[in-house]
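Here's the structure we're looking at; comments come further down.
The values are calculated or read from the model by the stated rules, or taken from the named source; none is laboratory data. This structure is a prediction, so every number in the text was calculated from the model and none was measured. Virtual Cβ from ideal backbone geometry, glycine too; neighbours counted across all protein chains shown.
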Amino acid sequence: MQDRAMDHVLDIADSYIFTPYVYPASWPEHGALRQILSLWLLTNLGAVLIYLGLGALSFCYVFDHKLMKHPQFIKNQVRKEIKLSTTSIFWMSFPTVALFFLEIHGHSKLYDNISESSLGWSGLFLSIAGFLFFTDMCIYWIHRSMHHRDIYKHLHKQHHTFKIPTPFASHAFHPVDGFLQSLPYHVYAFIFPLHKGVYLSLFVFVNIWTISIHDGDYRIPGPLICLINGAAHHVDHHLFFNYNYGQYFTLWDRLGGSYRHPSALLGKGPHDHVRKLMAEAALAQ
């Protein structure tokens with residue numbers, strides 16, 4: 001049996017959409033060209049729906065719109081974030097589909113059933129922890145390398161256009177930058193065993209987390225402040241450039257000497273700046 005995660009998604013799409021409504025009968029479901037085209041359509045549609053859907057929910061119900069009064073919030077920022085994100089998703093989909101194609105042809109270490117893992121359920125939970133540790137480590141170093149002066153101006157600078165990001169900035173990268181930072185998610189499944197259901201769930205989780213660290217909600221439970229890299233940490237990365245490169249945790253920033261305690265938790269964050277400006281404006285009236 002081939003070990004793959006996108007096969008179920010592709011089979012469902014073939015059964016209910018592609019075979020009856022899209023492709024001619026002469027195109028076999030397992031033909032390489034059709035599979036590549038289908039994966040490309042599914043990847044683009046799925047990524048855009050997750051980005052716009054979850055981004056809109058976060059923007060409407062979590063993001064503090066008072067932050068749009070911050071002096072570093074640029075004109076038409078939300079529109080620019082969405083434009084850059086959707087463009088990036090389109091171009092990122094091409095190399096991503098190549099990886100999915102390898103996956104559905106059995107080149108990954110994804111498996112279907114818990115019984116196929118020698119470690120059983122414990123192996124499943126260990127794989128989740130391993131995925132988070134591995135991807136956090138890789139993204140830290142990839143992200144940090146993007147700040148090298150010879151690379152930054154060509155790739156990562158576009159993301160840092162947004163000093164006070166909204167949830168829509170979560171995917172607003174140069175396509176090469178975005179793909180390189182997403183690469184560890186795919187690579188993990190080619191190196192380590194991972195249940196396909198967990199793989200797909202982690203893909204959704206990763207997108208939710210990426211949106212969450214751009215959502216402007218800087219509250220973090222006290223015991224987790226020094227452990228979890230949340231929006232309060234990440235906005236300081238946007239504002240102060242050389243700090244808090246991590247994705248989920250602060251571990252690699254601490255080991256790499258790039259950790260900065262969130263200014264928002266010290267009364268010196270963007271919200272505090274906006275409140276000060278509003279108070280000054282009220283006194284001036």
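When the criteria are applied in full, Ala189 fails the requirement of being of a type in the set (Gly, Ala, Ser), over 21 Å from Ile213 (Cα atoms) and out of contact with any strand residue (DSSP E or B) (no Cβ under 9 Å at 6 or more places or on another chain). Residues in region 71-86 that are in contact (Cβ under 8 Å) with a residue 60 or more places away in the chain and surrounded by fewer than 17 Cβ atoms within 10 Å (Cβ to Cβ) were compared, and the one that is farthest from the chain's Cα centre (by Cα) is Pro71. In region 132-183, of all residues being basic (Lys, Arg) and farther than 24 Å from Ile82 by Cβ, the one that is surrounded by the fewest Cβ atoms within 10 Å (Cβ to Cβ) corresponds to Arg149. Confirm whether Tyr188 is surrounded by 20 or more Cβ atoms within 10 Å (Cβ to Cβ) and either at pLDDT below 95 or hydroxyl-bearing (Ser, Thr, Tyr) (or both). Here the answer is yes, as Tyr188 does meet what is asked. Taking Asp150 as the residue in question, decide whether it is of a type in the set (Asp, Glu) and in a loop (DSSP other than H, G, I, E, B). Spelling it out, it is not the case that Asp150 is of a type in the set (Asp, Glu) and in a loop (DSSP other than H, G, I, E, B).
Could you list, in sequence order, all residues of region 235-260 that are without any contact (Cβ under 8 Å) to a residue 24 or more places away in the chain, farther than 21 Å from Phe162 by Cβ, part of a loop (DSSP other than H, G, I, E, B) and not aromatic (Phe, Trp, Tyr)?
Residue satisfying the conditions is Gly257 alone.
Residue count for region 251-285 satisfying the condition of being under 24 Å from Asp64 (Cα atoms) and either surrounded by 15 or more Cβ atoms within 10 Å (Cβ to Cβ) or of a type in the set (Gly, Ala, Ser) (or both): 15.
Pairs are defined by a Cβ separation below 8 Å, a sequence spacing of at least 6 or placement on different chains, a first member in region 55-66 that is among the acidic types (Asp, Glu), and a second member that is part of a helix (DSSP H, G or I) and surrounded by 14 or more Cβ atoms within 10 Å (Cβ to Cβ); the pairs so defined are Asp64/His271.
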